[in-house]
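This report refers to the structure that appears directly beneath it.
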Amino acid sequence: MSNLPAPISQDGSDQHDTQVASVGLPQTAPRSTGKPNSLNVPLYMQRNGNKVLVRRPKRKDDGALKGLARWFVANQIGQSPYFVSWSLDLKLTSTGLSCNLVALLFLAHSMPRAREYTSKFFTLSYYNQNTGKYFLGGDDWYLIAFFIVVLTGLRAGIMEYVLAPFARAKGVHKKKDIVRFSEQGWLLVYYSFFWPLGVYIYRTSTYYLSLHDLWKEWPNREMDGLMKAYTLAQLSFYLQLLIVINIEERRKDHWQMFSHHIVTSTLIYAAYREGHTRVGNLILVLMDVVDIFLPFAKCLKYLGYKTICDVMFAVFMVTWFIARHIFFPMAIYSVWAHTLIYMNGCFYGRELDGPHPPPANDTWLYIARPLWDTDAPVCFNHNFRNGFFGMLFFLQILTVMWFYLIIRVAIKVIKGGSAEDTRSDDEADDLEDPDEYVYEEAQPLEEEVGADEIDLKSWERRVARGKRSTTATGVSLPGHSDRKELLGRIGCEKQVD
């Protein structure tokens with residue numbers, strides 16, 4: 001500890017009789033580490049000049065990337081002279097950043113010369129006036145990007161300004177429980193909208209309750225506007241989850257969830273580009289229904305309704321088993337047994353001229369080429385079927401693993417416990433060692449004041465009451481609170497207990 005600057009006692013006074021002139025939020029990576037024997041190690045360390053080191057608990061996964069993420073969040077909305085928890089800061093950043101991007105986009109759209117380009121962010125592309133349907137192409141990524149920004153802003157805004165205040169009003173006071181309630185509430189809101197929409201599309205379709213009709217009239221590369229908007233919005237949601245799951249605190253099933261989002265995003269995108277939106281709609285309906293009951297059960301748990309939570313958890317289990325282990329395997333079986341009956345060969349161009357045999361000198365690449373080349377031939381054969389079947393089967397393996405953990409919860413309830421989802425318990429409780437700390441540099445936040453504005457008596461009263469004040473003006477140093485949710489959430493499905 002001899003290489004550290006002069007310590008400042010916890011009552012805010014410099015042990016070397018030097019006052020700290022200005023403080024700010026931590027910005028840089030930890031400067032030094034130590035393992036003190038008790039909590040008596042100073043909360044703050046003074047550096048040369050107007051800078052201060054702030055003590056915080058060391059986390060096992062602290063590193064350059066986490067420091068960069070911490071810096072990014074702190075600088076998105078500007079620094080605050082008061083410490084704001086990472087979770088709250090991240091939500092405010094998400095909301096502000098999303099609103100700013102959308103506002104700038106609409107501002108650019110108001111310029112006539114830019115509308116040719118900005119309109120791609122707001123509207124469905126490739127409308128065919130002859131058929132009244134929509135084709136697909138590279139311009140769809142503009143709308144996907146817009147959906148990702150909007151979903152991020154909606155999630156952050158609803159969590160912070162609707163769900164979190166509601167939880168507090170219902171008597172939820174722990175910060176961790178408020179955050180988790182808000183996460184699950186957002187999932188409930190999202191799936192309560194998109195699952196009924198998917199059911200409506202499925203119910204009014206020509207392939208309703210018919211596995212064979214899923215594959216007829218392929219390739220269906222043109223679709224109505226509702227189907228296209230639904231598919232692109234769902235793809236945007238899972239792409240957002242892929243980004244966010246690597247920013248949040250990792251849970252015990254992080255890699256299972258990451259694999260799930262990879263497979264789901266790939267399947268949705270491939271189904272959209274290869275003309276399989278029918279089976280894509282069916283699989284999303286089967287998967288999304290359980291994501292209504294589970295968040296609802298968790299919200300009831302955080303609100304203290306244990307009995308209703310257990311009942312809803314039982315409904316969730318039954319729904320999971322029927323949708324994901326009866327109907328979903330039926331769809332997987334249909335991929336293996338029925339696809340080659342109705343689909344075989346290659347179709348060329350937007351007019352879908354075919355079927356033609358696949359290219360003789362292009363064994364596998366021709367199958368994947370439509371994913372990035374709109375004018376490439378769309379093909380289906382036993383190779384495509386095997387790959388499609390393999391990805392769906394892998395998804396089924398993941399759901400079986402999760403259902404095993406769900407059964408463990410059910411057994412616990414039968415034995416007299418409460419329904420708590422053990423699939424993704426938060427590992428944050430294990431990330432902190434109460435005897436190990438790091439020091440971060442607090443960047444100055446300076447403000448010029450006159451001598452008459454310095455309230456020394458008020459500062460003396462604060463010191464007398466034992467409050468941690470570090471400036472002659474009574475500004476409190478940030479960063480010494482317990483930060484179990486330092487990494488917060490920006491917009492993803494969070495599996496929590």
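Every condition in (1) open to solvent by 10 Å² or more (accessible area, probe 1.4 Å); (2) touching a residue at least 24 places away in the same chain (Cβ under 8 Å) is met by V244 except one, and the failing one is (1).
If you check A167, A156 for being assigned to a helix (DSSP H, G or I), under 22 Å from F313 (Cβ atoms) and open to solvent by less than 10 Å² (accessible area, probe 1.4 Å), only one passes: A167.
The numbered conditions (1) surrounded by 18 or more Cβ atoms within 10 Å (Cβ to Cβ); (2) more than 37 Å from the chain's Cα centre (by Cα) are all true for P359 except (1). Out of all the residues in the stretch 373-392, is one or more of a type in the set (A, V, I, L, M, F, W, C) and open to solvent by 80 Å² or more (accessible area, probe 1.4 Å)? Within the stretch 373-392, not a single residue is of a type in the set (A, V, I, L, M, F, W, C) and open to solvent by 80 Å² or more (accessible area, probe 1.4 Å). The residues in the stretch 344-356 that are part of a strand (DSSP E or B), closer than 29 Å to Y208 by Cβ and open to solvent by 60 Å² or more (accessible area, probe 1.4 Å) can be counted, and the count is 1. Listed by first and then second residue, the pairs with beta-carbon distance under 7 Å, at least 6 apart or on different chains, first residue in the stretch 182-204 and of a type in the set (S, T, N, Q), second surrounded by 17 or more Cβ atoms within 10 Å (Cβ to Cβ) and assigned to a helix (DSSP H, G or I), are S182/M159; S182/L163; S182/A164; S182/A167; Q184/P295; Q184/K298; Q184/C299; S192/I292. If a residue must be in a helix (DSSP H, G or I), touching a residue at least 12 places away in the same chain (Cβ under 8 Å) and closer than 13 Å to L143 by Cβ, how many such residues does the stretch 103-132 contain? So the answer is 4. Can you pull out the residues in the stretch 73-119 that are among the aliphatic types (A, V, I, L, M), more than 19 Å from L151 (Cα to Cα), open to solvent by less than 80 Å² (accessible area, probe 1.4 Å) and modelled with pLDDT of 50 or more? Matches in the stretch 73-119: A108, A114. Any residue in the stretch 221-239 that is more than 27 Å from T339 (Cα to Cα) and open to solvent by less than 10 Å² (accessible area, probe 1.4 Å)? Within the stretch 221-239, one or more residues are more than 27 Å from T339 (Cα to Cα) and open to solvent by less than 10 Å² (accessible area, probe 1.4 Å).
Quick grid of which residues meet (1) out of contact with any Gly (no Cβ under 6 Å at 6 or more places or on another chain); (2) of a type outside the set (K, R); (3) at pLDDT 85 or above:
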{"site": "F384", "(1), (2), (3)": "yes, yes, yes"}
{"site": "G390", "(1), (2), (3)": "yes, yes, yes"}
{"site": "F393", "(1), (2), (3)": "yes, yes, yes"}
{"site": "M401", "(1), (2), (3)": "yes, yes, yes"}
{"site": "V409", "(1), (2), (3)": "yes, yes, no"}
{"site": "K415", "(1), (2), (3)": "yes, no, no"}
{"site": "T422", "(1), (2), (3)": "yes, yes, no"}
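Looking only at the stretch 314-322, decide whether some residue is hydrophobic (A, V, I, L, M, F, W, C), surrounded by fewer than 22 Cβ atoms within 10 Å (Cβ to Cβ), farther than 18 Å from L188 by Cβ and touching a residue at least 24 places away in the same chain (Cβ under 8 Å). The answer is yes; a qualifying residue exists. Has the stretch 302-310 got any residue that is under 21 Å from the mean Cα position of the chain (by Cα), in contact (Cβ under 8 Å) with a residue 24 or more places away in the chain and open to solvent by less than 10 Å² (accessible area, probe 1.4 Å)? No, that holds for no residue.
Would you call T206 β-branched (V, I, T) and surrounded by fewer than 16 Cβ atoms within 10 Å (Cβ to Cβ)? For T206, the condition - β-branched (V, I, T) and surrounded by fewer than 16 Cβ atoms within 10 Å (Cβ to Cβ) - is met. Taking the conditions exactly as written (surrounded by fewer than 16 Cβ atoms within 10 Å (Cβ to Cβ) and in a helix (DSSP H, G or I)), does I341 satisfy them or not? Against the criterion (surrounded by fewer than 16 Cβ atoms within 10 Å (Cβ to Cβ) and in a helix (DSSP H, G or I)), I341 qualifies. State whether the residues of the stretch 184-197 include one that is under 30 Å from R350 (Cα atoms) and part of a helix (DSSP H, G or I). Scanning the stretch 184-197 turns up at least one residue that is under 30 Å from R350 (Cα atoms) and part of a helix (DSSP H, G or I).
Restricting attention to the stretch 120-145, and to residues there that are open to solvent by 40 Å² or more (accessible area, probe 1.4 Å) and within 22 Å of the chain's Cα centre (by Cα), which single residue is farthest from L241 (Cα to Cα)? Ranking the qualifying residues of the stretch 120-145, first place goes to F121. Taking the stretch 209-325 as the region of interest, the helices (runs of 4 or more DSSP H) fully inside it that hold 1 or more residues being of a type in the set (S, T, N, Q) and either touching a strand residue (DSSP E or B) at 6+ places or on another chain (Cβ under 9 Å) or closer than 21 Å to L124 by Cα (or both) are 225-244, 254-274, 277-288. Note on the stretch 146-201: residues that are more than 15 Å from the chain's Cα centre (by Cα), closer than 17 Å to M287 by Cα and hydrophobic (A, V, I, L, M, F, W, C) total 6.
The values are calculated or read from the model by the stated rules, or taken from the named source; none is laboratory data. Treat the numbers as computed from the prediction; the structure is a model and nothing was measured. Quick reminder, even Gly has a Cβ in these numbers, built from the backbone with ideal geometry, and neighbours come from all protein chains shown. The accessibility values were calculated without ligands, DNA or RNA, using every heavy atom of the protein model including side chains. Shrake-Rupley method; radii C 1.70, N 1.55, O 1.52, S 1.80 Å.
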